Amino acid sequence: MPRVKLTETKKKEPVKKVTAETPRLKKQKMKAASQLKASYCRHCNKMLEYKEFQPTTNPFIDKNGCMSICKGCLEKIFFELYHTYNDYNKAFYAFCQHADIMYDEICVNDAIKYLEEHPNGETIITKYWRAVRNNNREKPIRYRDSKANMTVENSMDRKISDEERKKLKLTWGEFKDQDYLYLENTFKEYTTTFGIAGPNERDGYRVLAMLLLKQRETPANKDIIAAIKAQYEMLGIDPKQIRKENK
C-alpha cells in the first residue's frame with residue numbers, strides 16, 4: 001500500500017490590530033518614557049532621551065526639567081524662521097518668542113559670528129543657548145525676563161508716521177522704517193547707560209549705532225568689527241558694561 005505524504009498546514013498569524021494613538025495611550029507612553037529617562041517632543045512626536053533636549057526655561061510647566069521640543073527640532077524651527085526673514089537677528093527674535101527663551105543681542109551676535117567661523121562646529125542654537133545660560137547664571141532666562149526684548153520688539157512691530165519718518169531721515173539719512181527704530185533704540189540704550197558729555201559724543205554714538213546696524217547684516221565682516229572696536233575706544237566705553245547695566 002503506497003504511503004500517503006502528509007502536508008503540513010501553516011498556522012495563520014494573527015492580524016495585528018492597528019489603533020490610533022489616543023490621549024490615554026499617549027499619556028501611558030510619556031509615563032513609561034519618564035521612567036526610562038526619555039521625553040516626548042511635541043514637534044516631531046517622538047520619544048527621545050533627555051540628552052536630546054535643552055533644559056527647560058519654564059520648570060513650572062516642564063516638570064521633567066526638559067523643554068518639550070528636542071534640540072533637532074529647535075534647530076529646524078530656527079532655520080525655517082531664517083528662511084522666512086532672511087535675517088539672522090530677526091530669526092533669533094522670533095525664535096526666542098516661540099521657544100520662550102531670553103533674547104540677548106550680544107549672545108545672538110556671538111552665535112552668528114561662531115556659525116560663520118565654524119560651519120562644522122556646534123549648532124547655532126546650542127551655541128546661543130550656552131551663552132545665554134552662562135551670562136545669566138541662577139537667573140530666569142524666559143523670553144519675558146529679557147530687558148533686551150523690549151527694544152527689539154519696538155523695532156520689529158512699531159509703525160512710523162510720515163511726520164516721524166521725515167525727522168528720522170534728517171537725523172540718520174535714508175533707511176528702512178525698522179532700521180530707523182533700531183538706530184533710535186540703540187542710540188537711546190547707549191546714551192542712557194553712559195551719558196552724553198557733548199555734541200561730539202552725540203555724533204559718536206550715532207556713528208556707533210549705524211555700525212552696529214551694519215554688523216546685523218554682515219556679522220562676520222572684519223572691517224565693520226574693527227570699526228566698532230575703534231568707535232568704542234574713541235567713546236571710552238566697554239561694551240561689556242551694557243550687559244552689567246542691564247542685569
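Of the residues contained in the range 127-136, none is found to be open to solvent by less than 80 Å² (accessible area, probe 1.4 Å), in contact with a Phe, Trp or Tyr (Cβ under 7 Å, 6 or more places away or on another chain) and farther than 23 Å from Leu212 by Cβ. Would you check if Tyr128 is on the phi < 0 side of the Ramachandran plot, within 8 Å of the chain's Cα centre (by Cα), aromatic (Phe, Trp, Tyr) and not in a helix (DSSP H, G or I)? Considered against the rule, which asks whether it is on the phi < 0 side of the Ramachandran plot, within 8 Å of the chain's Cα centre (by Cα), aromatic (Phe, Trp, Tyr) and not in a helix (DSSP H, G or I), Tyr128 comes out as no. Just to be sure I understand the filter: pairs with C-beta atoms under 9 Å, separated by 6 or more residues or on different chains, first member in the range 125-146 and at pLDDT 85 or above and among the basic types (Lys, Arg), second member in a loop (DSSP other than H, G, I, E, B) and exposed (fewer than 14 other Cβ atoms within 10 Å of the Cβ). Which pairs pass? So the pair list comes out as Lys127/His118; Lys127/Gly121.
Is one or more of the residues making up the range 196-203 touching a residue at least 40 places away in the same chain (Cβ under 8 Å) and outside any loop (DSSP other than H, G, I, E, B)? Among the residues of the range 196-203, not one is touching a residue at least 40 places away in the same chain (Cβ under 8 Å) and outside any loop (DSSP other than H, G, I, E, B), which makes the answer no.
Note on the range 41-121: enclosed strands (runs of 3 or more DSSP E) holding 1 or more residues that are open to solvent by less than 30 Å² (accessible area, probe 1.4 Å) are 53-55, 66-70.
Residues of the range 100-117 that are over 16 Å from Leu213 (Cα atoms) and touching a residue at least 40 places away in the same chain (Cβ under 8 Å): Asp100, Ile101, Met102, Tyr103, Glu116, Glu117.
Candidates are the residues of the range 172-190 that are modelled with pLDDT of 90 or more and not hydrophobic (A, V, I, L, M, F, W, C); the one that is surrounded by the fewest Cβ atoms within 10 Å (Cβ to Cβ) is Glu174.
Look at Lys31 and say whether it is open to solvent by 100 Å² or more (accessible area, probe 1.4 Å) and at pLDDT 80 or above. It is false that Lys31 is open to solvent by 100 Å² or more (accessible area, probe 1.4 Å) and at pLDDT 80 or above.
The values are calculated or read from the model by the stated rules, or taken from the named source; none is laboratory data. No experiment lies behind these values; they were computed from the predicted model shown. Note that each Cβ is placed from the backbone with ideal geometry, even for glycine, and that neighbours are counted across all protein chains shown. Each accessible area value is taken on the protein alone, full model and side chains, heavy atoms only, with ligands, DNA and RNA left out. Shrake-Rupley method; radii C 1.70, N 1.55, O 1.52, S 1.80 Å.
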